[in-house]
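Here is the structure we will look at, set down as structure tokens.
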Amino acid sequence: DGLSVRAPTWVPLHEVDAALREKTAWILRKLGEARERGQRLDAARIEWRDGAELPFFGERLRLVLDPHHGFKAAGAQLGPGAADGAGAPVQTLQVSLPHSAGPQQIRDAVQAWLMRQAHGCFVERLDHFAPQLGVQWKKLSLSNAGTRWGSARSDGSIRLNWRLVHFRMPVIDYVVVHELSHLRVMDHSPRFWDTVESVMPGHADLRGELKRQPVPRW
């Protein structure tokens, strides 16, 4: 929304002005990037209604309200595939709610289902990569952080953001490997990145995708 400049009270104003002039190109570039990022996020905002779409493991997932099923008390389940107007494939998620359901009801039901999918996926990927790295994880927690995708503690506790289910599986694998690697190296030293590279060559591209791809606004 603009630029805020802070400086210690003892810095003369002309030095602040000089610093701004020196960094003009960088500042304008960063403001432009922030504006573009905001536009992408606005475009990715989900409208919680029948027929809404959101990314699921990198694919399109369309919500279909189906009040006639409880889906074994799970609230939702993947339904038959569909296609858009151009014939592109779309997965469907049948949600056990009436067509009169409000946005908050739909949002809560879908989030609960996505969190269950996230937990199952993360456990499977942690079990897959931990032996390759020679580590053992002890506990998995799901987070809802706005900007942090994961964290790891030396006691083997792993936290992963459930919103990762919006990304392709290779990106999820990168985050899983990143956090498991912290069980061997707790900092971001060259030795840490060598550890990540040992089981995931070319991880830099996946890291970049994680930063670039807009995550739907909930």
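The values are calculated or read from the model by the stated rules, or taken from the named source; none is laboratory data. All figures in this text were calculated on a predicted structure; none of them were measured in a lab. Positions of Cβ are backbone-derived with ideal geometry, glycine not excepted, and every protein chain shown enters the neighbour counts. Surface areas here come from the heavy atoms of the whole protein model, side chains and all, with no ligands, DNA or RNA. Shrake-Rupley method; radii C 1.70, N 1.55, O 1.52, S 1.80 Å.
Some points to look at:
- For the pair Asp155 and Trp26, the difference between a 0.36 nm per residue extended length and the Cα-Cα distance amounts to 42.3 nm.
- In the stretch 87-212, Cα pairs under 8 Å separated by at least six residues give a relative contact order of 20 percent.
- Sulfur and carbon atoms: percent of accessible area, the chain [1.4 Å]: 52
- In the context of the full set of protein chains, the stretch 52-145 has a per residue accessible area of 52 Å² (1.4 Å probe).
- Based on the reciprocal of the average 1/r between different C-alpha atoms, the Kirkwood radius for the chain equals 20.2 Å.
- Full extension of the chain between Gln91 and Arg116 gives 7.3 nm of extra length, using 0.36 nm per residue less the Cα-Cα distance.
- Applying 1/(1 + (r/R0)^6) with r as the Cβ-Cβ distance of Asp127 and Arg184 and R0 = 22 angstrom yields a FRET efficiency of 0.85.
- Cβ-defined net charge surrounding Gly202, 13 Å radius [Lys, Arg +1; Asp, Glu -1]: -3
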